[in-house]
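The values are calculated or read from the model by the stated rules, or taken from the named source; none is laboratory data. Because the structure is predicted, anything quoted here is derived from the model rather than measured. FYI the Cβ positions are ideal-geometry reconstructions off the backbone, even for glycines, and counts take in every protein chain you see.
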Amino acid sequence: MITEAGVHEKGEISLLDLIKNVKNKPNFQSAGAIALFIGVVRGENGKGEKVQKLRLEAYEEKANETLANICSDLKKRSGIIDVQIHHLLGEFKVGEDLVYVIVAGSHRENVFPVLEEAVERYKKEAPIFKKEYVMDSEGKVTSYWASEKQGKL
């Protein structure tokens with residue numbers, strides 16, 4: 001069974017299963033829109049460094065609680081039927097999926113603002129940690145936790 005929100009090891013869940021989970025909710029017949037955000041590994045960070053891979057870890061118990069609280073809070077909004085946030089953990093290559101945020105609602109104008117808020121909130125509130133492996137101009141690969149560098153990554 002898929003939970004409403006949480007962290008999962010890479011490969012434990014699929015996007016299609018998550019969409020089916022949303023559509024199988026008893027109140028889904030009220031939905032007129034599903035909005036989806038898929039976060040993927042960028043090949044270049046905000047500093048212009050070439051990203052080789054990412055490693056994502058979490059304080060799992062707290063991350064699950066935080067993601068569930070965000071979803072619960074956002075589901076109270078007018079016209080919103082379901083909100084789910086599923087963040088993957090493990091090692092990821094450029095282009096691979098990292099996170100799925102799904103919002104179902106009565107109309108498209110209901111879902112887009114909630115989708116954006118869900119993404120901004122999980123990024124700020126959930127204890128999920130990113131280690132970035134980058135290659136410099138000479139081909140040397142170094143790694144650091146994202147919090148060790150300033151600026152957007």
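Candidates 141, 114: the one that is modelled with pLDDT of 95 or more and among the β-branched types (Val, Ile, Thr) is 114.
Pairs are defined by a Cβ separation below 6 Å, a sequence spacing of at least 6 or placement on different chains, a first member in region 102-113 that is closer than 7 Å to residue 35 by Cβ, and a second member that is assigned to a strand (DSSP E or B); the pairs so defined are 103/35; 103/83; 111/33; 111/35; 111/103; 111/105; 112/35.
Residues that are in a loop (DSSP other than H, G, I, E, B) and touching a residue at least 24 places away in the same chain (Cβ under 8 Å) were ranked within region 24-41; the one that is nearest to residue 93 (Cα to Cα) is 41. Just so you know, in region 13-23 the residues that are hydrophobic (A, V, I, L, M, F, W, C) and outside any loop (DSSP other than H, G, I, E, B) include one that is surrounded by the most Cβ atoms within 10 Å (Cβ to Cβ), and it is 22.
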